[in-house]
1. On the basis of being crowded, with 16+ Cβ neighbours inside 10 Å, at pLDDT below 90 and of a type in the set (D, E, K, R), does Asp43 make the cut?
2. Do any helices (runs of 4 or more DSSP H) lying entirely in the range 1-83 carry at least 1 residues that are within 27 Å of Leu103 (Cα to Cα), and which ones are they?
3. Among the residues in the range 76-89, are any of a type outside the set (A, V, I, L, M), over 24 Å from Ser160 (Cβ atoms) and surrounded by fewer than 19 Cβ atoms within 10 Å (Cβ to Cβ)?
4. Is it the case that some residue within the range 153-162 is farther than 18 Å from Leu218 by Cα and either aliphatic (A, V, I, L, M) or in contact (Cβ under 8 Å) with a residue 60 or more places away in the chain (or both)?
5. Go through the range 127-140 and report how many residues are in a helix (DSSP H, G or I) and either under 25 Å from Pro80 (Cα atoms) or touching a Cys at 6+ places or on another chain (Cβ under 6 Å) (or both).
Amino acid sequence: MNPQQVASYLDLDVREVIKLASRGQIPCRKVRGEFRFRQAEIDHWVESRMPTLGADRLAGIEKGVTAHHGDEPGSLEICPLIPPNGLAVPFLARTREGVIRDLVDLADAAGLVYGRVDLIDEIRRREELCSTALMPWVALPHPRRPVPYDIAESFIVVGSAPGGIPYGAEDGSLTRLFFLICCKDERTHLHVLARLARMLHADQNVEKLLAAEGREELRDILLTLEAALV
């Protein structure tokens, strides 16, 4: 990708992309004197920065990714990716390993997993790079890369543990809300991350989700939060 393509992809001014590249603040390399970027590296860079991005910036990323791939705005929504029994309230795992295993089992019970052991291993390896508990009270575990052969289709499963679970948050706090995100391609993955981060951006939204007393109430709140996105 060249600077213009990255700017379009992330809904940034091309001058901002060049400035970031010149300062070594975005992954890139020079080829014949021109900055060049790999989409996978850009996706990981965006993912690591999402907790610090404002709602408008997240909306821009979602818009840019959608346009880059020729999709219609709003064509990919979060809630339809959650299977009918894909929410656990309360979520009973007690350790990081238990979180990963129980979330995958939730998806497996919904008929969405082909390679359970391989999928758990990929998610575990991603957590070993750095914890996905990047937002207050929330973790977004996912495989290191898309897993098209381990899953039937892209999906999200959700676990709400009001008591909290130690999941490696940088500040040492407990994590209470888990969204396992498994996608068949990078496009869907980054779009889902940006859209979900927008839904969870305000602390009061997370508090509403944690207050849900059952999975249907949790789903209703998620539907309301997503409908409020503009």
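1. Yes, satisfied.
2. Of the helices (runs of 4 or more DSSP H) lying wholly inside the range 1-83, those with at least 1 residues that are within 27 Å of Leu103 (Cα to Cα) span 39-49, 55-68.
3. No, the range 76-89 contains no residue that is of a type outside the set (A, V, I, L, M), over 24 Å from Ser160 (Cβ atoms) and surrounded by fewer than 19 Cβ atoms within 10 Å (Cβ to Cβ).
4. Yes, the conditions are met somewhere in the range 153-162.
5. Applying the first criterion (in a helix (DSSP H, G or I)) to the range 127-140 yields 127-129.
Within this subset, residues satisfying the condition of being either under 25 Å from Pro80 (Cα atoms) or touching a Cys at 6+ places or on another chain (Cβ under 6 Å) (or both) are none.
Residues flagged as in a helix (DSSP H, G or I) and either under 25 Å from Pro80 (Cα atoms) or touching a Cys at 6+ places or on another chain (Cβ under 6 Å) (or both) within the range 127-140 amount to 0.
The values are calculated or read from the model by the stated rules, or taken from the named source; none is laboratory data. Quick caveat, the model's predicted, so the values are computed rather than measured. Ideal geometry is used to build each Cβ from the backbone, glycine not excepted, and the neighbour counts take in all protein chains shown.
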